[in-house]
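The structure under discussion appears below in the form of structure tokens.
The values are calculated or read from the model by the stated rules, or taken from the named source; none is laboratory data. Only a predicted model underlies this, so the values are computations on that prediction, with no experimental measurement involved. Here the Cβ positions follow ideal geometry from the backbone for every residue, glycine too, while neighbour counts run over all protein chains shown. Accessible surface is based on the protein model in full, side chains and every heavy atom, while ligands, DNA and RNA are left aside. Shrake-Rupley method; radii C 1.70, N 1.55, O 1.52, S 1.80 Å.
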Amino acid sequence: MIRSATQTALKQPRSAFDVEEIRKDFPILTRLVHGRPLVYLDNAATSQKPQAMIDALTQYYQTENASVHRSLHALSEQATQAYEASRATVKRFLNARAAREIVFVRGTTEAINLVAHSFGRAHLNAGDEIILSVMEHHSNIVPWQLLCEEKQARLRVIPINDRGELLMDEYERLLNERTRLVAVNHVSNALGTINPIESIIELAHARGVPVFIDGAQAVAHLPVDVQALDCDFYAFSGHKLYGPTGIGVLYGKAEWLERLPPYQGGGEMIQSVSFAKTTYNALPHKFEAGTPNIAGAIGLGAALDYLESLPLVSLRAHENAMLDYATELLSEIDGLRIVGQAAHKCAVLSFVLEGVHAHDIGTILDEQGIAIRAGNHCAQPLMERLGVSATARASFAIYNQKDEVEALVCALQRVKEMFG
Amino acid sequence: MTDLQQLYQQIILDHYRHPRNYFSLDAADRTAEVYNPLCGDQITLYIRVQDQRIHEIGFQGSGCAISQASASLMSISLREKTLAEAEALADQFCKMLNGENEMAIPIGELAALCAVRKFPARIKCAALPWRALYKSLAA
């Protein structure tokens, strides 16, 4: 029943946005946690999955499962078609010029490691510099750190103000003739800040410096057009975008991907192999060694199809309304401080409560069926800059609704009562 | 009492708000610092040993109610224990946390931490100060 309802939905784009209807597409939202309805506010960690995506995975394994690109039989042909159709869907979603600019990877982390490895190997020398920001996730710090250690290159860090916004004049000062790459996130996972990546890219390009954008927290909430942005690389994970875990995307401009050496060696990524010389396969296969996550790619394609069947504009307005409503209600709680007050934010609300550690908040909320994240959000340098050891973080998705925000507020009152 | 009320029972909240033996010991002959990178909880333990006995003990740190109350309760339970007794108590406590030994419920106020077993994600918090103890015993 659920499945046929979803299929109908996919055929006819919904004109109006009805959160109740959207919630029916996500089977997990009906379950109870500790005897209470699940209030899932940990979407920045991973989103829940629509039935259409779950069905696509099942259908692939039930009817099309085969290795892609190599075998000559019918199943392999179908699997290859479905896998490549997903690549075409991602290309459309990001508005890339060509499908060969879309590389399937495990997730954003692998995409960053790929660029650090391949770009770093070919284009980084001792004394060169890479610019990051202080609000990066550890995954957009550590690969560059490893690279810099190996190459005796240097990391430069864009600072922020107390609201959690990048200091753009400081960024301009950091750009110099030794800068080889700028790698920043589009949206901060810990604060929800939307960074001015258009200006970041423009300023870098004015000096001939390429830019990598970590889009893990952005793609589910903002329109992304890689041609309009003119970024050189853009990465995201499928699982934060209603897709499966273990699949992600690296977009790279074809001229960059052509120039970069391969990341991993293996089958699929080669054209011919001899002990004297190996030639590499064409893009994007050059970067997809081994049997890929075929089901994951197909699931991601289905998740994007699902998302594109919805009225995206009103959906994003709804998410913003949830963030605004939560910001308003939480601001009224005595002793609660919102961490990250950038002028441009999306989907993430980080906060601390006087006298109560974020972990204790997390445990007490969980008892009420409310899932949030508590901790340093894999952003220790940012936490240190802001002078907090941990925050509680509520993060929103298309299926969240007002009464869930109200449940969060009630539960926080209970936390306060317990800690009196 | 619900599991949650047991977890945050009065004695735990009291030790969180008013930790006992919360100081650094200049005369400490063993200090150990531990850190939980997941939540940023941190504890530094100071011990002065005399005749193989914990003569003085203090700690400083920051973090959640469970880790800080556990440190405070631990500091009380270890005073005047021999190093061997301290290690045995740590073993007993950690076995209790991991649910390995139902009979290992420690006596006294430490028993207040038993409810942590029902919250697997929080076992690391309660164990944090005891990791500091192991570290200082090994030093």
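What residues of the range A:342-373 lose no less than 30 Å² of accessible area with every protein chain in place versus their chain by itself (probe 1.4 Å, heavy atoms only)?
Those are A:HIS357, A:HIS359, A:ASP360, A:THR363, A:GLU367, which lose 30 Å² or more relative to the chain on its own.
What 222 nm value per residue comes from the helices of chain A, counting each DSSP H run with n ≥ 4 as -39,500 (n - 2.57) and dividing by all residues, nearest 500 deg cm²/dmol? Please list the in-between numbers first.
Working: 15 runs with 168 residues, N = 420.
So the helix-based figure for chain A works out to -12000 deg cm²/dmol.
Rounded if a/c is under 1.5, else prolate if a/b beats b/c, else oblate: with a ≥ b ≥ c from the C-alpha gyration tensor eigenvalues square-rooted, which is the range A:219-272? Could you put the intermediate results ahead of the total?
On the way: a/c = 3.72, a/b = 1.35, b/c = 2.75.
It comes out oblate by the Cα gyration axes.
Mind checking the full-extension length gain between A:VAL409 and A:GLU177? Use 0.36 nm per residue of separation minus the Cα-Cα distance, one decimal, nm. List each step's numbers first, then the result.
Values: separation 232, 0.36 × 232 = 83.52 nm, distance 5.03 nm.
My answer for the length gained is 78.5 nm.
With a cap of 12 neighbouring Cβ atoms within 10 Å, and only residues DSSP puts in a loop, list the GluC sites (Glu not before Pro) found in the range A:303-407. Before the final figure, lay out the partial values.
Values: sites: A:GLU308, A:GLU319, A:GLU328, A:GLU332, A:GLU354, A:GLU367, A:GLU384, A:GLU404, A:GLU406; in loops: A:GLU332, A:GLU354.
Passing both the DSSP loop test and the Cβ count: A:GLU332, A:GLU354.
For A:ILE370, list long-range residues whose amide hydrogen, built 1.01 Å from N in the peptide plane, is under 5 Å from its own amide hydrogen.
Answer set, sorted by chain and number: A:VAL39.
Could you do me a favour and compute the accessible area per residue for the range B:9-68, 1.4 Å probe, result in Å²?
Details: 2730 Å² over 60 residues.
Using a 1.4 Å probe on heavy atoms only, each residue of the range B:9-68 averages 46 Å².
Per residue of B:38-45, count partner chain C-beta atoms within 10 Å of its C-beta, then hand back the mean as an integer. Display every interim value, and only then the final one.
Numbers: counts 6, 10, 12, 5, 1, 0, 0, 0.
Shielding by partners across B:38-45 averages 4.
Report the dimensions of chain B along its three principal axes from the alpha-carbon atoms, largest first, rounded to Å.
Largest first, chain B extends 43, 30, 25 Å along its Cα principal axes.
Pop out the ³J(HN,Hα) list for the range A:111-120 in order, Karplus 6.51 cos²θ - 1.76 cosθ + 1.60 with θ = phi - 60°, rounded to Hz; leave Gly and Pro as x.
Going residue by residue, I get 4, 5, 4, 4, 5, 4, 5, 6, 5, x Hz, with x marking Gly and Pro.
Stretch A:THR245-A:VAL313 to full length: gain in nm at 0.36 nm per residue minus the Cα-Cα span? Write down the numbers at each step before the final one.
Numbers: separation 68, 0.36 × 68 = 24.48 nm, distance 2.58 nm.
Extending this stretch completely gives an extra 21.9 nm.
Take the Cβ-Cβ distance between A:LEU167 and B:SER62 as r, set R0 to 45 Å, and report the resulting FRET efficiency rounded to the nearest 0.05. Please list the in-between numbers first.
On the way: r = 28 Å, r/R0 = 0.63.
Plugging the Cβ-Cβ distance into 1/(1 + (r/R0)^6) gives 0.95.
Determine, from the Cβ-Cβ distance of A:THR30 and B:GLU80 and an R0 of 60 Å, the FRET efficiency 1/(1 + (r/R0)^6), rounded to the nearest 0.05.
Numbers: r = 56 Å, r/R0 = 0.94.
Plugging the Cβ-Cβ distance into 1/(1 + (r/R0)^6) gives 0.60.
How much accessible area is lost when chains A and B come together, counting both sides, with a 1.4 Å probe, in Å² rounded to the nearest 100? Each step should come with its number before you reach the end.
Numbers: alone 17660 and 6990 Å², together 23230 Å².
Roughly 1400 Å² of accessible surface disappears when A and B pair.
By its C-alpha gyration tensor, with a ≥ b ≥ c as the square roots of the eigenvalues, how is the range A:360-420 shaped: rounded for a/c under 1.5, else prolate for a/b larger than b/c, else oblate?
Working: a/c = 2.50, a/b = 1.37, b/c = 1.82.
Cα axes put the range A:360-420 in the oblate bin.
Which percent of the accessible area of the range A:354-420 is formed by carbon and sulfur heavy atoms (probe 1.4 angstrom)? Display every interim value, and only then the final one.
On the way: 990 of 2170 Å².
Roughly 46 percent of what the probe reaches on the range A:354-420 is carbon or sulfur.
If you fit an axis through the alpha-carbon atoms of helix B:65-78 and take the longest principal axis of the Cα set of chain B, what angle between them do you get, 0 to 90°, nearest 10?
Tilt of helix B:65-78: around 50 degrees.
So what's Rg/Rh here for the range A:245-386, counting alpha carbon atoms and using the Kirkwood radius for Rh?
1.14
Measuring from label point to label point, each 7 Å out along Cα→Cβ, what is the B:GLU87 to A:GLN271 span in nm?
Between B:GLU87 and A:GLN271, the label points sit 6.5 nm apart.
P(r) for the protein assembly as shown, please, calculated from all Cα pair distances in 10 Å bins and given in %.
3, 16, 23, 23, 19, 12, 4, 0, 0
Could you check the simple spin-label distance between A:ARG92 and A:GLU77, using points 7 Å along Cα→Cβ, in nm with one decimal?
2.3
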